[in-house]
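See below for the structure under consideration.
The values are calculated or read from the model by the stated rules, or taken from the named source; none is laboratory data. Just so it is clear, the structure is predicted and the values come from calculations on it, not from any experiment. Positions of Cβ are backbone-derived with ideal geometry, glycine not excepted, and every protein chain shown enters the neighbour counts.
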Amino acid sequence: MANNVYLASKPRYEILDGLRGVASVLVVLFHLLETYSKGPAYQLINHGYLAVDFFFVLSGFVIGYAYDDRWDKMTTWGFFKRRLVRLQPMVIMGTIIGACFYFFGQGEGFSLIGNVPGWKVALAFVMGCLMIPCGPKMDIRGWGEMNSFNGPNWSLTWEYVANILYALVFRRLGKIALAVLTAAAAFCTLDLCLNWNVFGLLTEARDPQMYTVIGGWSLTAEQVYVGLTRLFYPFLSGLLISRIGKFISVKGGFWWCSLILVILFSLQCIGGEGNILNGFYNAACILILFPIVVMMGAGSQIKGEKSAKICTFLGELSYPLYITHYPLMYIQMNWAWSHPEAPAYAHVMVAVGCFFLSIAMAYACLKLYDLPVRKWLTENWLKRK
């Protein structure tokens with residue numbers, strides 16, 4: 001029978017930590033460039049949105065590696081506590097930062113800022129801190145996001161769903177059952193990528209994102225389907241990879257995997273707007289290429305102290321960077337949309353400034369808040385009998 005004995009963390013896959021950081025940096029660049037895009041088919045780092053799907057593959061792999069063989073020593077509540085300690089502090093901080101910058105985004109691009117009652121803003125803040133997704137009626141920005149203070153929280157919502165399902169269902173499945181479930185999830189991925197719309201949940205409003213997996217950030221039937229579809233195959237495939245334990249060893253694995261991610265995320269829209277070839281590309285990345293990259297990262301070794309330090313730095317920075325950068329993106333978007341006649345160098349300076357400020361803010365949150373808070377919670381909550 002499982003007990004509540006505190007279990008120390010296992011050794012980390014340094015390359016996978018580093019790759020998570022590389023993907024996070026590319027997400028920031030993707031969002032900065034998105035401000036100037038005419039649509040999903042036109043922007044630079046065109047497939048940066050696929051970083052979320054890559055994160056889910058990493059998450060499934062790491063969760064399986066870290067916890068699959070520990071359930072005889074750990075309760076379900078013990079697992080939930082560990083995941084809350086790892087994720088929730090930065091969820092709260094991201095919402096606080098978003099609230100601090102909220103009114104700086106007031107402008108034509110965010111129609112609801114300044115036009116909603118104070119009680120709704122306050123309630124949305126509390127819900128954001130508690131990781132309770134807001135429905136469309138609780139939107140206080142005008143974009144229909146689950147957390148109007150910090151858009152990327154939507155992917156953390158699905159990460160929480162994955163963790164709950166892992167503890168209650170997925171961990172109990174054998175390899176064959178897990179493989180069958182993964183195959184079913186792959187069908188849903190193809191349904192989304194190729195716009196088959198087998199379940200009739202994809203509407204005309206999604207036309208600009210046709211043949212992509214973009215979406216998942218709102219509580220509508222369509223967006224929930226997109227979000228769950230983006231979650232299930234990547235997470236389950238990562239979990240299955242950790243169970244099978246067959247990896248790929250590559251010399252210089254971190255650098256090759258990083259290069260692959262940069263190329264995959266940066267490649268321009270295949271065939272142009274509304275072309276099914278881009279859907280096939282999305283599907284290939286999610287169904288095949290991302291799992292291979294994870295297998296390469298897990299099977300390769302870090303050679304050299306410099307590479308190890310880079311992976312450690314990027315790995316530590318990745319989550320704080322991902323979860324705190326977007327409030328600055330709101331400000332950058334609002335400034336750019338409000339100053340269309342500003343010289344090009346001004347737009348470059350604002351974008352570059354937001355990029356480096358995002359890095360600095362994430363690093364400060366990591367060192368001054370996230371690590372100390374997690375240490376305190378570990379000592380005073382996780383280890384307490």
When you go through (1) on the phi > 0 side of the Ramachandran plot; (2) in a helix (DSSP H, G or I) one by one for TRP158, which number turns out not to apply?
-> (1)
Single condition SER338 does not satisfy, out of (1) under 21 Å from SER24 (Cβ atoms); (2) hydroxyl-bearing (Ser, Thr, Tyr); (3) out of contact with any Lys or Arg (no Cβ under 9 Å at 6 or more places or on another chain) | (1)
Taking PHE356 as meeting all but one of (1) assigned to a loop (DSSP other than H, G, I, E, B); (2) modelled with pLDDT of 95 or more, write down the number of the exception.
-> (1)
Unique match (being surrounded by 15 or more Cβ atoms within 10 Å (Cβ to Cβ) and modelled with pLDDT under 95) among GLY151, GLY128, GLY109 | GLY109
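Being under 27 Å from CYS365 (Cβ atoms) and touching a helix residue (DSSP H, G or I) at 6+ places or on another chain (Cβ under 6 Å), is that true of even one residue in segment 263-270? I'd like the intermediate steps shown before the answer.
Step one: list which residues in segment 263-270 are under 27 Å from CYS365 (Cβ atoms), which gives 265.
When the remaining residues are screened for being touching a helix residue (DSSP H, G or I) at 6+ places or on another chain (Cβ under 6 Å), the result is 265.
Yes, segment 263-270 contains at least one residue that is under 27 Å from CYS365 (Cβ atoms) and touching a helix residue (DSSP H, G or I) at 6+ places or on another chain (Cβ under 6 Å).
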Give just the number: which of (1) within 20 Å of the chain's Cα centre (by Cα); (2) free of Cβ contacts under 8 Å to residues at least 60 places away in the same chain; (3) within 30 Å of SER148 (Cα to Cα) does ILE263 not satisfy?
-> (3)
All-but-one check, SER59 against (1) farther than 25 Å from SER300 by Cβ; (2) under 18 Å from the mean Cα position of the chain (by Cα), failing number (1)
Name the one entry in MET349, MET361 that is free of Cβ contacts under 8 Å to residues at least 40 places away in the same chain and in a helix (DSSP H, G or I).
-> MET349
Top-ranked residue in segment 364-385 [being surrounded by fewer than 16 Cβ atoms within 10 Å (Cβ to Cβ) and among the aromatic types (Phe, Trp, Tyr); ranked as nearest to VAL25 (Cα to Cα)] | TRP376
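In segment 112-125, which residue that is surrounded by 13 or more Cβ atoms within 10 Å (Cβ to Cβ) and farther than 24 Å from LEU87 by Cα is modelled with the lowest pLDDT? Write out each step before concluding.
Within segment 112-125, the subset surrounded by 13 or more Cβ atoms within 10 Å (Cβ to Cβ) is 112-114, 116, 120-121, 123-125.
Applying the additional criterion that residues be farther than 24 Å from LEU87 by Cα yields 112-114, 116, 120.
Working: LEU112: 96, ILE113: 96, GLY114: 93, VAL116: 96, LYS120: 97.
Here the residue is GLY114.
Hey, can you tell me all the residues within segment 187-212 that are of a type in the set (A, V, I, L, M, F, W, C), surrounded by fewer than 18 Cβ atoms within 10 Å (Cβ to Cβ) and assigned to a helix (DSSP H, G or I)?
The initial filter retains those residues of segment 187-212 that are of a type in the set (A, V, I, L, M, F, W, C), namely 187-188, 190, 192-194, 196, 198-199, 201-202, 205, 210.
The next check asks that each one be surrounded by fewer than 18 Cβ atoms within 10 Å (Cβ to Cβ); those that pass are 187, 194, 196, 198-199, 201, 205.
Passing the criteria: PHE187, ALA205.
Using the structure shown, decide if CYS100 is within 14 Å of ASN150 (Cα to Cα) and not in a helix (DSSP H, G or I). Steps first, please.
Values: within 14 Å of ASN150 (Cα to Cα): yes; not in a helix (DSSP H, G or I): no.
The answer is no for CYS100.
With touching a Leu at 6+ places or on another chain (Cβ under 8 Å) and among the aliphatic types (A, V, I, L, M) as the only criterion, which of ILE302, ILE323 stands out? Break it down stepwise before answering.
Numbers: ILE302 fails: touching a Leu at 6+ places or on another chain (Cβ under 8 Å).
When all the criteria are applied, what remains is ILE323.
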So which of GLY105, GLY94, GLY128, GLY60 is free of Cβ contacts under 8 Å to residues at least 60 places away in the same chain and in contact with a Phe, Trp or Tyr (Cβ under 9 Å, 6 or more places away or on another chain)?
-> GLY128
